[in-house]
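What follows is a short report on a single structure.
All of the numbers you see were taken from the coordinates with simple rules; none came from a lab. Worth saying up front: this structure is predicted, and the values here are computed from it rather than measured. Glycine gets a Cβ as well: all are built from the backbone with ideal geometry, and neighbour counts include every protein chain shown.
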């Protein structure tokens, strides 16, 4: 069994880390590089940064923070938001990011997944999927959760992997920021449908939520609020997983 990764998520807007609930009620949290350093020191395995308004505002990703983060930490990090071309990917990777996350752009131009995988390798291409249940069906949303594509999320996940995505991030909008637990039903359905690592996102509030998501098949456990506001520590989560006989990476602690 592969060791599970603990991944703080940092949503960035106007150069600041922010956090909301169900993609709304956004509040300011911190400077990206400062928060990234804290997480690296606390034992995070990776970090994910999303420029949450780049796609909805139809603008390029705000890239200034990427270089600052790369100069501050020594753990892998992924960056997404407003990346619409292979040249955008190259620019962000050259600023020091290890992976690129695409969401809206991948739905609008699915060939971008294949082009990125061919250019940089599948390990660099993460497809992030914003999901909400609509009439009982898991449905893909884009533009920071603002646009209902009416696409079936499981079918889109399969297609993204076929095109070359090396990893999927499942952002469950119904549970985002609520801290009532990850959507384990959806995690199980996706992990049985694809053969790449799956990162669970949206809903972590207690230690057992991380354990439940790992048992459901998630390879990575992404969270924001509980880490930003220090409700839980990364060490707490890793200890809980170990007690549940789920392997974690310890070398970063």
Inset, instruction - Determine one quarter of the surface area of the Cα convex hull of the stretch 5-243, which equals its mean projected area, and express it in nm² to one decimal. - result: 11.1
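Percent antiparallel among DSSP beta bridges with both residues in the stretch 5-243, to the nearest 5?
Numbers: 16 of 47 bridges.
Antiparallel bridges make up about 35 percent of those DSSP assigns within the stretch 5-243.
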Legend entry - Label-point separation in nm, residue 85 to residue 135, each point 7 Å along Cα→Cβ: 3.8
Legend entry - Cα-projected label distance for residue 2 with residue 37, points at 7 Å along beta-carbon direction, nm: 3.2
Inset, instruction - Over the chain, calculate the relative contact order: mean separation of alpha carbon pairs under 8 Å at least 6 apart, over the residue count, as a percent. - result: 19
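Can you work out D for the stretch 68-151 in µm² s⁻¹ from Stokes-Einstein, where Rh is the Kirkwood radius over C-alpha pairs, the temperature is 37 °C and the viscosity is 0.692 mPa s?
On the way: Rh = 13.6 Å.
Translational D for this selection: 241 µm²/s.
Expected output is a single nm value to one decimal: the length gained when fully extending between residue 147 and residue 243, i.e. 0.36 nm times separation in residues minus the C-alpha distance. What is it?
Working: separation 96, 0.36 × 96 = 34.56 nm, distance 4.06 nm.
Gain on extension, residue 147 to residue 243, equals 30.5 nm.
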Legend entry - Spin-label zone in the stretch 215-253 - amide nitrogen under 13 Å from a point set 7 Å from the Cα of residue 30 along the C-beta vector: 224-234
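Taking 25 Å as R0, compute the FRET efficiency from the Cβ-Cβ separation of residue 64 and residue 111 and round it to 0.05.
Numbers: r = 29 Å, r/R0 = 1.16.
Given R0 = 25 Å and the Cβ-Cβ separation, E is 0.30.
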Legend entry - Rg to Rh quotient for the stretch 146-245, alpha carbon positions, Kirkwood Rh: 0.99
